[in-house]
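I have placed the structure first, in the form of structure tokens, so that the comments after it can refer back to it.
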Amino acid sequence: MNPNLKSRRAFIKQSTLCLTALSASRVLGANEKIRIASIGLGGQGTGNAGRMAKVPGVEVVMLCDPDTAQLEKVKKLFPNAATTQDLRKVMEDKSIDAVVVSTCNHWHVLAAIWAMQAGKDVYVEKPVSHNIWEGRKLVEAARKYGRICQGGTQQRSDPMQDEIKAYFDAGTLGKIKYVRCNHYSMRKTIGKRVMPLTPPPSVNYDLWLGPAADEQLFREKFHYDWHWDWNTGNGEMGNWGPHILDDLRNVVFRDKVKLPKRVIAGGGRFAWNDAGETPNTHFAYMDTGDIPVIVDFHNLPRMKGVNAPDVYLRRRTGAFLIVECENGYYTGSRGGGSVFDAEGKKVHTFKGDGGKSHAANFIAAIRSRKPSDLKAEVEDIHLSSAWCHLANISYRLGQKYVREQAESAVKDFQPWNDVIGDFHEHLKRNELDDSTLDIKIGPMLEIDATKETFTGATATSEALSLLTREYRKGYEVPQQV
Ligand SMILES: NC(=O)c1ccc[n+]([C@@H]2O[C@H](COP(=O)([O-])OP(=O)(O)OC[C@H]3O[C@@H](n4cnc5c(N)ncnc54)[C@H](O)[C@@H]3O)[C@@H](O)[C@H]2O)c1
């Protein structure tokens with residue numbers, strides 16, 4: 001076929017699709033109410049619906065969850081809202097302007113793409129994707145259908161983040177040497193049943209599963225603990241990671257580093273012997289080609305028998321982000337941050353608001369129709385989510401850990417030896433014998449940031465397969481959005 005004709009046809013097809021999406025969406029008057037559907041009504045979905053409803057000019061008109069028990073619970077808070085178990089009913093309703101997707105991770109992208117194809121704007125929880133490939137499809141859909149799409153990393157709306165940037169720019173701390181991202185929180189075993197778990201009778205399980213594989217579940221609890229199963233979740237790296245690494249990409253890298261050039265990760269799931277697959281102790285090194293990054297997550301207690309999470313030994317605060325500089329360091333989390341000078345004296349503090357204006361920022365962008373008004377525009381949050389997926393992929397490809405080999409994977413960078421040392425210390429304090437544990441260390445993955453894929457010797461078929469997933473029939477994320 002004449003290539004011009006082919007591209008013209010493609011253009012007409014694309015324009016028609018865009019027009020379809022536009023005609024499906026209402027043209028909003030300046031003072032008109034924005035009608036929202038809340039998809040996924042667990043802890044976060046309930047909170048998100050409440051936060052949206054508080055924004056002036058917003059009405060939550062539809063609630064959606066395959067679990068009727070969740071629907072009934074949240075309906076009490078929004079008695080005038082319609083309810084449905086099936087998100088396709090939300091997509092069909094032309095009176096709905098925007099959706100909030102707070103489902104389990106495996107549904108985020110497909111729900112968001114369906115909504116954008118139906119002409120709706122989208123607020124989608126973190127991680128915005130369950131894998132890197134579909135995250136890019138999400139961005140493509142936002143562009144193709146001209147939709148407003150905000151990621152659920154609310155700290156981007158916290159004015160504190162700009163204050164921290166300004167502090168770094170003022171230069172008092174000097175050059176940044178490296179960054180350490182920590183999350184130490186205690187979690188517990190999710191159990192290991194002998195007989196598979198039967199989903200609660202209130203759940204339409206086909207709708208709950210959506211794109212995920214229909215596998216037997218051996219955990220005790222149906223909701224929330226899907227996080228620790230690769231089929232539906234992304235572990236702690238994909239749970240707290242998207243917040244912390246998004247702070248890192250925003251505050252330190254100013255969104256200029258799309259993806260790291262190389263990533264290696266190790267760790268394991270220790271002590272619990274349960275049905276979970278994801279690591280409860282996970283450390284990673286990320287070579288950004290610029291400032292190096294260490295990531296370290298612990299879910300076991302500070303020490304065996306103590307009911308408190310681990311602490312970062314060389315730093316006093318329960319920090320997420322520790323930015324080590326020539327003349328001191330910044331350390332902070334969602335609530336606030338502090339700057340310490342080279343002598344360890346606190347010289348400055350920042351107070352955070354937890355990103356409480358994030359919902360209002362989404363609504364303002366819906367009215368302005370400018371994606372650039374969004375604090376957490378989907379492409380940035382896709383990339384931040386991808387950093388976490390990369391650390392998970394290295395771990396999932398992991399081989400038997402040998403300390404010397406792991407240490408020598410990153411040369412001449414003491415913080416890497418430190419994080420490995422902290423890992424062994426953490427195991428020891430939990431009275432775990434590291435010589436008998438199933439510890440994994442992954443390959444140093446090389447990443448082509450433009451193509452969002454692996455390159456070099458580590459671009460094996462196994463590694464490449466983890467950039468995406470097998471989608472269950474009828475719930476495929478489309479190749480062409
Ligand atoms: N931004 C934040 O600070 C923050 C905080 C907590 C959770 N989250 C994110 O929010 C999401 C939900 O977390 P949670 O703690 O509420 O989990 P949860 O398990 O309590 O709730 C998930 C809900 O989604 C529902 N669901 C599953 N498939 C669905 C479908 N097809 N249509 C509609 N609903 C569906 C489930 O039935 C369940 O009610 C996760 O992705 C999590 O990472 C974000």
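Brief remarks on what is shown
- Members of segment 56-84 that are of a type in the set (A, V, I, L, M, F, W, C) and buried (at least 17 other Cβ atoms within 10 Å of the Cβ): Val58, Val60, Val61, Met62, Leu63, Cys64, Leu71, Val74, Phe78, Ala81
- The residue of segment 61-76 that is farthest from Ile34 (Cα to Cα), among those that are within 14 Å of the ligand (Cβ to nearest atom) and not in a helix (DSSP H, G or I), is Asp67.
Table: residues versus (1) touching a residue at least 60 places away in the same chain (Cβ under 8 Å); (2) touching a helix residue (DSSP H, G or I) at 6+ places or on another chain (Cβ under 6 Å); (3) within 30 Å of Val410 (Cα to Cα).
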| site | (1), (2), (3) |
| --- | --- |
| Val101 | yes, yes, no |
| Val109 | yes, yes, no |
| Cys149 | yes, yes, no |
| Met160 | yes, no, no |
| Ala166 | no, no, no |
| Leu173 | yes, no, yes |
| Ile176 | yes, no, yes |
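- Meets criteria (within 16 Å of the ligand (Cβ to nearest atom) and closer than 12 Å to Glu379 by Cα) for Ser157: no
- Residue pairs whose Cβ atoms lie under 9 Å apart, sitting 6 or more positions apart in sequence or on different chains, and linking a residue in segment 45-57 that is in a loop (DSSP other than H, G, I, E, B) to a partner that is within 13 Å of the ligand (Cβ to nearest atom) and at pLDDT 95 or above, are Lys54/Ala359; Val55/Ala359; Val55/Phe362.
- Being more than 11 Å from the chain's Cα centre (by Cα) and touching a residue at least 24 places away in the same chain (Cβ under 8 Å) is a property that does not hold for Pro201.
- Answer residue from segment 226-246, given it is near the ligand (Cβ under 8 Å from one of its atoms) and in a helix (DSSP H, G or I) and is surrounded by the most Cβ atoms within 10 Å (Cβ to Cβ) among those: Pro242
- Being farther than 27 Å from Ala53 by Cβ and part of a loop (DSSP other than H, G, I, E, B) holds for only one residue in Gly337, Gly344, Gly354, and it is Gly344.
- Count - residues of segment 85-103 that are more than 9 Å from the ligand (Cβ to nearest atom), open to solvent by less than 20 Å² (accessible area, probe 1.4 Å), more than 22 Å from Gly233 (Cα to Cα) and outside any loop (DSSP other than H, G, I, E, B): 1
- Residue count, segment 209-225 (criterion: open to solvent by 10 Å² or more (accessible area, probe 1.4 Å) and in contact (Cβ under 8 Å) with a residue 60 or more places away in the chain): 4
- Of the residues screened, Tyr205 is not one that is farther than 21 Å from Thr46 by Cα and either among the small types (Gly, Ala, Ser) or assigned by TED's automatic domain parsing to the domain that holds Asn417 (or both).
- Out of Asp380, Asp296, sole residue that is assigned to a helix (DSSP H, G or I) and closer than 30 Å to Trp228 by Cβ: Asp380
- Of the candidates Lys137, Lys120, the single residue that is open to solvent by 10 Å² or more (accessible area, probe 1.4 Å) and either modelled with pLDDT of 95 or more or out of contact with any His (no Cβ under 7 Å at 6 or more places or on another chain) (or both) is Lys137.
- Per the conditions (1) of a type in the set (A, V, I, L, M, F, W, C); (2) farther than 30 Å from Arg472 by Cβ; (3) within 16 Å of the ligand (Cβ to nearest atom), the sole criterion not satisfied by Ile176 is (3).
Each row is one residue, and each column tells you yes or no for (1) of a type outside the set (S, T, N, Q); (2) farther than 22 Å from Lys177 by Cβ; (3) open to solvent by 20 Å² or more (accessible area, probe 1.4 Å).
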position	(1), (2), (3)
Pro301	yes, yes, yes
Lys304	yes, yes, yes
Gly332	yes, no, no
Asn361	no, yes, yes
Lys375	yes, yes, yes
Leu383	yes, yes, no
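The values are calculated or read from the model by the stated rules, or taken from the named source; none is laboratory data. In this text, all values refer to a predicted model and were calculated from it rather than measured experimentally. No Cβ is skipped: glycine too gets one built from the backbone with ideal geometry, and neighbour counts run over all protein chains shown. The accessibility values were calculated without ligands, DNA or RNA, using every heavy atom of the protein model including side chains. Shrake-Rupley method; radii C 1.70, N 1.55, O 1.52, S 1.80 Å.
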